[in-house]
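The values are calculated or read from the model by the stated rules, or taken from the named source; none is laboratory data. Note that the coordinates shown come from a computational prediction; the quantities given were computed from them, not determined experimentally. Here Cβ is always computed from backbone atoms with ideal geometry, including for glycine, and neighbour counts include all displayed protein chains.
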Amino acid sequence: MPVIEVADLVKEFSRPKQQEGAFAGIRTLLTREQTVKRAVDGVNFTVQRGEMVGYLGPNGAGKSTTIKMLTGILVPTSGTVTVAGTTPWRDRSRNARRIGVVFGQRSQLWWDLPLRDSLWLISRLYDVPQARFREKQRQFSEVLDLGPFLDTPVRQLSLGQRMRGDLAAAMLYDPDILYLDEPTVGLDVIAKERIRTFVGELNRTSGTTVILTTHDLDDVEELCDRIILIDHGKVAYDGAVDELKTRYAPHRELVVQTDGLESVEGAEVVRREGGKVWLRFDPVRTPPADLVAAVLAQHRVTDLSIVEPELESVIHRIYADRG
Ligand SMILES: Nc1ncnc2c1ncn2[C@@H]1O[C@H](COP(=O)(O)OP(=O)(O)OP(=O)(O)O)[C@@H](O)[C@H]1O
Ligand SMILES: [Mg+2]
């Protein structure tokens with residue numbers, strides 16, 4: 001049974017029409033004319049319990065707007081959303097207990113309070129039994145390494161520390177679903193890795209369903225089996241990460257270090273550098289093992305590797321094709 005069901009979801013924003021010519025700025029402020037922007041344009045998908053889904057798309061594609069409707073912050077123009085049987089924007093308080101939300105751009109914590117106090121307040125707001133709270137705080141402090149700054153007021157935390165605090169706050173009351181909107185934006189490699197490990201472990205140990213928006217495809221490679229790509233408010237792809245690569249980037253590259261390879265059947269030489277040769281091939285038509293055997297039969301090879309397509313280049317190609 002799906003835990004999230006989204007059907008024909010549409011969100012339009014009206015804005016004062018941009019005026020042109022002299023005093024354009026002031027005339028735009030004063031105008032009554034409105035233009036309508038469809039940020040989300042007929043989105044459909046369902047998510048099963050325990051899935052980790054990457055919700056991806058270029059800037060302005062409608063990702064955050066979708067997340068805001070899923071979490072009940074925004075009311076859609078039309079369409080339906082059902083999260084664990086309820087409509088998020090109609091039943092906000094019931095929904096709130098079942099979901100954890102982290103917006104990378106904005107903190108949910110109290111700025112003036114030490115992180116420890118913020119976490120304690122949240123545990124009270126959500127009626128977390130105190131023994132359970134202490135256990136969670138201990139567990140999260142370990143994985144997210146909160147110890148060094150638990151007693152620091154939130155406003156003095158670095159971005160990476162604050163994000164880790166926000167994640168702990170979002171998961172204190174054991175919500176079934178975690179929404180993450182750009183949780184790793186602006187963080188260094190180590191902080192990113194901490195957050196990925198934490199989210200991955202939550203999913204494995206508690207079966208938490210995760211919807212993740214990010215521009216860092218390493219987040220997706222590490223955490224998500226499935227991605228939903230949106231572009232101009234519409235779903236451009238919904239499926240497995242591997243299938244996306246196979247469908248849009250069917251080629252692999254065999255990189256060999258060798259003594260002068262001119263050509264080999266079933267592959268195309270796409271690059272040469274030093275003694276290295278890059279051979280592009282379609283693994284369906286030319287099984288990698290056959291290609292490797294053919295190369296080894298004819299040449300003295302000192303090194304050899306097969307390169308998978310990068311998710312990033314695959315996604316760029318899809319957007320380029322759609323124009
Ligand atoms: N409150 C609002 N009022 C008017 N327009 C809005 C509002 N919020 C978003 N939009 C517009 O809706 C579109 C989608 O915005 P959204 O924030 O959902 O994009 P996004 O996919 O999250 O992009 P990013 O990757 O930059 O975060 C954009 O064109 C944006 O300008
Ligand atoms: Mg966004």
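When residues of segment 109-126 are filtered for being part of a loop (DSSP other than H, G, I, E, B) and either within 17 Å of residue 155 (Cα to Cα) or in contact (Cβ under 8 Å) with a residue 60 or more places away in the chain (or both), how many remain?
Applying the first criterion (part of a loop (DSSP other than H, G, I, E, B)) to segment 109-126 yields 109-113, 126.
Keeping just the survivors that are either within 17 Å of residue 155 (Cα to Cα) or in contact (Cβ under 8 Å) with a residue 60 or more places away in the chain (or both) gives 109-113.
Count: 5.
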>> Checking the condition modelled with pLDDT of 90 or more, within 16 Å of ligand 2 (Cβ to nearest atom) and within 21 Å of the chain's Cα centre (by Cα), which residue from 42, 60 passes?
In response: 60
> Name the residues in segment 189-237 that are more than 16 Å from ligand 2 (Cβ to nearest atom), of a type in the set (Ser, Thr, Tyr) and not in a helix (DSSP H, G or I), would you?
Replying inline: 208, 209, 237
> Within segment 271-305, can you find the residues that are at pLDDT 90 or above, within 36 Å of the chain's Cα centre (by Cα) and aliphatic (A, V, I, L, M)?
Replying inline: 277, 279, 289, 291, 292, 304
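Would you pick out the residues in segment 42-62 that are in a strand (DSSP E or B) and more than 10 Å from ligand 1 (Cβ to nearest atom)?
Across segment 42-62, the qualifying residues are 42, 43, 44, 45, 46, 47, 48, 52, 53, 54.
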> Considering only residues of segment 242-259 that are in contact (Cβ under 8 Å) with a residue 24 or more places away in the chain and either among the hydroxyl-bearing types (Ser, Thr, Tyr) or more than 21 Å from residue 220 (Cβ to Cβ) (or both), which is surrounded by the fewest Cβ atoms within 10 Å (Cβ to Cβ)?
Replying inline: 259
